[in-house]
1. Report the charge-dipole magnitude of the stretch 80-200 in Debye, nearest 20, computed about the Cα centre from +1 at each Lys and Arg Cβ and -1 at each Asp and Glu Cβ.
2. Students sometimes get this wrong: rank Lys100, Lys146 by accessible area, probe 1.4 Å, all chains present, largest first.
3. Keeping all protein chains in the complex and leaving out DNA, RNA and ligands, what accessible area do you get for Ile160 with a 1.4 Å probe, in Å² to the nearest 10?
4. How much length, in nm to one decimal, is gained on full extension between Ala131 and Asp189, taken as 0.36 nm per residue of separation minus their Cα-Cα distance?
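The values are calculated or read from the model by the stated rules, or taken from the named source; none is laboratory data. Keep in mind the model is a prediction, meaning the values are calculated, not measured. Cβ placement follows ideal geometry from the backbone for every residue including glycine, while neighbour counts extend to all protein chains displayed. The protein model used for the area step is the full one, side chains on, heavy atoms only, and it has no ligands, DNA or RNA in it. Shrake-Rupley method; radii C 1.70, N 1.55, O 1.52, S 1.80 Å.
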Amino acid sequence: MSRPASRTASVVSSATPQMLPVPVDGPVTNSSTGSGSRGGASSLVQPPSVAVSAEGSAKNVINAARQPTPSTPLQQPPSVAASLHSAVLTTVRDVWDRYKYCLQRGDATGLLQNYAEGSVLRVCNQATGGAIVASSFGEEMRLALKELTGTLRDTSSFSIEMEEVEDRAVANHGQVFASWKCPSAGVRDATETMLINGETLKIMRHNVVMWTTN
């Protein structure tokens, strides 16, 4: 009786169709590793948290691109930071740095601190033929500096083209020779020379020649 039963089991076993792997559209989880794959070519499935994060990052990039670019603020030279409105200067370079910073800010009061008693400022505009000559440390010099800073209404394009600073150019005096431009204010080109007392670090003679377009 046991032998026929064995043959029957063999027949049933051979008649059972073999199951072939069938590609599926959904993810199939490997029971041993827990990783998922699709039939045919493998495809990475993003976790929901990653998808949300990526979407948020993309929106942030788009929103940032839509924001207007702020204008770059004027950078205050280190030597100017502690001495913008004080007399604590140590080199001719400090005097020139403070002058440049105050000029770009339109700070006539800050500029006034650079000049010595009895100093002379000459400003000439080659385009208009106008000239300003101011002497001594007082109201005359202040008005001349206000006139100079008033020319620079918009300093967004102000740039130094060339500058030479000498601590001891003549005897104990320093000298500055510089060229700058500011198209946004209508100044095509400007050249300046300064004679600075090496001991007091005050401007004694200052000449400015500019060419304006308006």
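1. For the stretch 80-200, the charge dipole is close to 300 debye.
2. Per-residue accessible area, sorted high to low, gives Lys146, Lys100.
3. Estimated to the nearest 10 Å², Ile160 gives 60 Å².
4. Residue separation times 0.36 nm, minus the Cα-Cα distance, leaves 19.3 nm.
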